[in-house]
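Participant: Let me begin by handing over the structure; questions about it come next.
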Amino acid sequence: MENNRTEILRELEAELAALKEKVLQFENKLEALRQLPAEEPVEESDFTDMEIGVSDLPEPEPVVEPEPVVEEIPVIEPAEEPVPEPVAEPVAEPVEAAEEPVPVPEPVEGPEPEPEPEPKPAPAPHPETERLPWRLDKPGLSVKHIRSGISMYDRALFIGTLFKEDYALYDKTIGELDALTSLDEAVDYLLARFPDWNLKSDIVYNFMMAIRKKLG
């Protein structure tokens, strides 16, 4: 135990002597630095309060441009031409134009205008039909053509009873009635062509109501 303790003390003493040696070296270096002369500080220029204007800059030298050389062009005056004297033209005497006779147009014979046809008098109403139901009842909606206001059933009934199965007669009668302009004209037409019709029958009532849809 004693030997170990002695060895440890020796090692510590050796390390302490090395540290002292290093401290001594640092002190010598510090003392050498202290003995060196101090450097003077360099003053920095302060430009904050200075104002630089345009007048402080050097003025540029003016540029002198060379004057253009203008060549003088000689003016050539035109030679004066002699002015010819005016020649008097002969004045022609006016010639009187001969008066020509004005032709008189001959009358052109044309066809004589035809006299205008006298308007046809309106047919006189028939007193025997004034109080019949097909004159007093309302016909319903008006149609542009009588054919469009007759149903297929009524057409077959009209042809079989009123026109004696003659379809051509029925078609001609409807076409001529469609060209008329009043109910009185239609009554005159039917009375003249079908005097045997019973104007109070139901079939004639249906036929006349179909005509009234166009003629009112």
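Participant: Give me a count of the residues in segment 158-195 that are of a type in the set (D, E), open to solvent by 50 Å² or more (accessible area, probe 1.4 Å), free of Cβ contacts under 8 Å to residues at least 40 places away in the same chain and in a helix (DSSP H, G or I).
Facilitator: Number of matching residues: 2.
Participant: Which residues, counting only those in segment 26-55, are open to solvent by 100 Å² or more (accessible area, probe 1.4 Å) and modelled with pLDDT of 85 or more?
Facilitator: Within segment 26-55, F26, E27, K29 meet the criteria.
Participant: Which condition breaks for N198 when tested against (1) over 16 Å from K213 (Cβ atoms); (2) assigned to a helix (DSSP H, G or I)?
Facilitator: Only one criterion in (1) over 16 Å from K213 (Cβ atoms); (2) assigned to a helix (DSSP H, G or I) is unmet by N198, namely (2).
The values are calculated or read from the model by the stated rules, or taken from the named source; none is laboratory data. Remember, predicted model here, so these are calculated numbers, not experimental data. Positions of Cβ are generated from backbone atoms using ideal geometry, with glycine treated the same way; all protein chains shown enter the neighbour counts. The area values use the complete protein model at the heavy-atom level, side chains included, leaving out ligands, DNA and RNA. Shrake-Rupley method; radii C 1.70, N 1.55, O 1.52, S 1.80 Å.
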